[in-house]
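Student: The structure's right below; bear with me while I get my questions together.
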Amino acid sequence: MQLQSWQAPGGSEELAIRFGPNKAPRLLVLPAWFDESNKLRHFTIQTMRLLEKRGIASVLPDLPGCNESLALMQEQDLDSWRGAAASAAGKLGCTHILAIRAGANIAPALPGFAYAPLAGKSALRALLRARTISAKEAGREEKSTDLLELGKAEGLELAGYELGPRMIEQLSGAELPSESALTEIRQAELGGPALWLRAEPEHDEAQAAALAALVARGLVE
Amino acid sequence: MSDNLPAVRDDDIEVELILRQVLQDVLGLDAEEVAEFTEDTGLFGHLPELDSMAVAGLLTEVEDRLDILIEDDEVDGEMLETFGGLLAFVTAKREEG
């Protein structure tokens, strides 16, 4: 494993974790978002380790505002993340994509794979729902529709993430592209329960191995 | 009319199976443990790991698998408190749909 740094279009210096031999094809791994990024982090890194054993190099960049990034989350939106993903692909020498869940929303136009892709609007819906449920538990009444309007005007804190108004606005309309260069890998192909659903983060080595095998096979074809 | 009854029961059984399956995935339990859930088994507020984010994920997954849409104002303490409450809600929702 190696750490690399690269500069996102917004000017921030971002880190990326790299595995594997220093030769093409190199896979750009676009991580899951928000709460799912924590639940799938171990799985994602482990998949990269297993790809390395198959001789496939991969890099996992921090999206601006996430992980070790010093950029402000509030200033990010889908455009800045798309720009960051495209620039990471270029600067880190990637030829293919492995997008995890909502990562598919910002994938640059390269061939590759989308694991259990999730539209940005669905990701936002789940975050809003979690917030209304926790408000209800605390005895407050919040409505998703009101929160959405507020979020588009002023930004909103969702699941511990300070999302800016442009991010909320863009997420609320974000559908997965109908035409994608990415081959979809469905959860059922990994042969286990979806790890992002798990209330407590957990790892499943067999699922990481299954994903690595599918990606490795797909790259050869 | 009576011809329709068995079909409705089949659907109810399917709804219950799917709900148990999703709970199994969310809670990381095995099938036997979830099979022991009764109507009175406590969920939200009773299982510490089932926080608001996990419940939101659970409802979204149930929506996807059962092809239903759950509105904000339908989500209340009673529906989330027990397995029986959630099952009754989801079954009714499915029959509406």
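Student: Identify, please: which residue in region B:71-95 is surrounded by fewer than 18 Cβ atoms within 10 Å (Cβ to Cβ) and hydrophobic (A, V, I, L, M, F, W, C) and is, among those, nearest to B:Val26 (Cα to Cα)?
Tutor: B:Ala88
Results for (1) modelled with pLDDT of 95 or more; (2) under 15 Å from the mean Cα position of the chain (by Cα); (3) closer than 30 Å to A:Gln207 by Cα; (4) charged (D, E, K, R), shown as yes or no for each residue.
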residue	(1), (2), (3), (4)
A:Arg101	yes, yes, yes, yes
A:Asn105	yes, yes, yes, no
A:Phe113	yes, yes, yes, no
A:Leu150	yes, no, no, no
A:Glu154	yes, no, no, yes
A:Glu157	yes, no, no, yes
A:Arg166	yes, no, no, yes
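Student: Based on this model, can you work out whether A:Ala212 counts as assigned to a helix (DSSP H, G or I), farther than 19 Å from A:Ser58 by Cβ and open to solvent by less than 40 Å² (accessible area, probe 1.4 Å)?
Tutor: Against the criterion (assigned to a helix (DSSP H, G or I), farther than 19 Å from A:Ser58 by Cβ and open to solvent by less than 40 Å² (accessible area, probe 1.4 Å)), A:Ala212 does not qualify.
Student: Kindly evaluate A:Arg198 against the criterion of being in the same structural domain as A:Thr145 (by TED's automatic domain parsing) and in contact (Cβ under 8 Å) with a residue 40 or more places away in the chain. Talk me through it step by step, then tell me what you get.
Tutor: Working: in the same structural domain as A:Thr145 (by TED's automatic domain parsing): no; in contact (Cβ under 8 Å) with a residue 40 or more places away in the chain: yes.
When the stated conditions are applied, A:Arg198 does not pass them.
Student: How many residues are in a loop (DSSP other than H, G, I, E, B), more than 9 Å from chain A (Cβ to nearest Cβ) and either touching a Cys at 6+ places or on another chain (Cβ under 6 Å) or open to solvent by 40 Å² or more (accessible area, probe 1.4 Å) (or both) when one looks only at region B:35-47? Break it down stepwise before answering.
Tutor: Start the filter on region B:35-47 by keeping residues that are in a loop (DSSP other than H, G, I, E, B), which leaves B:36-41, B:43-47.
Of the ones still in play, those that are also more than 9 Å from chain A (Cβ to nearest Cβ) are B:36-41, B:43, B:46.
This time we only want the ones that are either touching a Cys at 6+ places or on another chain (Cβ under 6 Å) or open to solvent by 40 Å² or more (accessible area, probe 1.4 Å) (or both), so: B:36, B:38-40, B:46.
Total meeting the criteria: 5.
Student: Just checking, does region A:95-108 include any residue being surrounded by 24 or more Cβ atoms within 10 Å (Cβ to Cβ) and on the phi > 0 side of the Ramachandran plot?
Tutor: Yes, region A:95-108 contains a residue that is surrounded by 24 or more Cβ atoms within 10 Å (Cβ to Cβ) and on the phi > 0 side of the Ramachandran plot.
Student: Separate question: Looking at region A:109-136, which of the residues that are out of contact with any Leu (no Cβ under 8 Å at 6 or more places or on another chain) and at the interface with chain B (Cβ under 9 Å from one of its Cβ atoms) is most open to solvent (accessible area, probe 1.4 Å)?
Tutor: A:Arg125
Student: Here's a follow-up. Buried (at least 22 other Cβ atoms within 10 Å of the Cβ), away from chain B (no Cβ under 14 Å), closer than 24 Å to A:Gln2 by Cβ and out of contact with any Ser or Thr (no Cβ under 6 Å at 6 or more places or on another chain): does that describe A:Ala86?
Tutor: On the way: buried (at least 22 other Cβ atoms within 10 Å of the Cβ): no; away from chain B (no Cβ under 14 Å): yes; closer than 24 Å to A:Gln2 by Cβ: yes; out of contact with any Ser or Thr (no Cβ under 6 Å at 6 or more places or on another chain): yes.
When the stated conditions are applied, A:Ala86 does not pass them.
Student: Of all residues in region A:137-168, which are in contact with a Gly (Cβ under 8 Å, 6 or more places away or on another chain) and open to solvent by 60 Å² or more (accessible area, probe 1.4 Å)?
Tutor: Once the filter is applied, which keeps residues that are in contact with a Gly (Cβ under 8 Å, 6 or more places away or on another chain) and open to solvent by 60 Å² or more (accessible area, probe 1.4 Å), region A:137-168 yields A:Glu137, A:Glu162.
Student: Let me ask something else. If we keep just the residues of region A:151-204 that are in a strand (DSSP E or B) and under 18 Å from B:Asp64 (Cα atoms), which is nearest to the other protein chains (Cβ to nearest Cβ)?
Tutor: We begin by selecting, within region A:151-204, every residue in a strand (DSSP E or B); these are A:156-158, A:161-163, A:182-185.
Next, only the ones that are under 18 Å from B:Asp64 (Cα atoms) stay: A:184-185.
Details: A:Glu184: 15, A:Ile185: 17 Å.
Applying the filter and picking the extreme gives A:Glu184.
A quick yes/no check of all residues on (1) at the interface with chain A (Cβ under 8 Å from one of its Cβ atoms); (2) assigned to a loop (DSSP other than H, G, I, E, B); (3) under 12 Å from the mean Cα position of the chain (by Cα):
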| site | (1), (2), (3) |
| --- | --- |
| B:Asp25 | yes, no, no |
| B:Glu61 | yes, no, yes |
| B:Asp73 | yes, no, no |
| B:Leu80 | yes, no, yes |
| B:Phe89 | no, no, yes |
| B:Ala92 | no, no, yes |
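Student: State which residue pairs qualify: first residue open to solvent by 10 Å² or more (accessible area, probe 1.4 Å) and inside region B:54-70, second residue among the basic types (Lys, Arg) in any location, beta carbons under 6 Å apart, and separation of 6 or more residues or different chains.
Tutor: Every condition considered, the pairs that remain are B:Ile68/B:Lys93; B:Ile68/B:Arg94.
The values are calculated or read from the model by the stated rules, or taken from the named source; none is laboratory data. All values derive from a computational prediction rather than experimental measurement. Please note: Cβ atoms are built from the backbone with ideal geometry, for glycine as well, and neighbour counts cover all protein chains shown. Side chains are part of the model used for accessible areas, which takes the heavy atoms of the whole protein and leaves out ligands, DNA and RNA. Shrake-Rupley method; radii C 1.70, N 1.55, O 1.52, S 1.80 Å.
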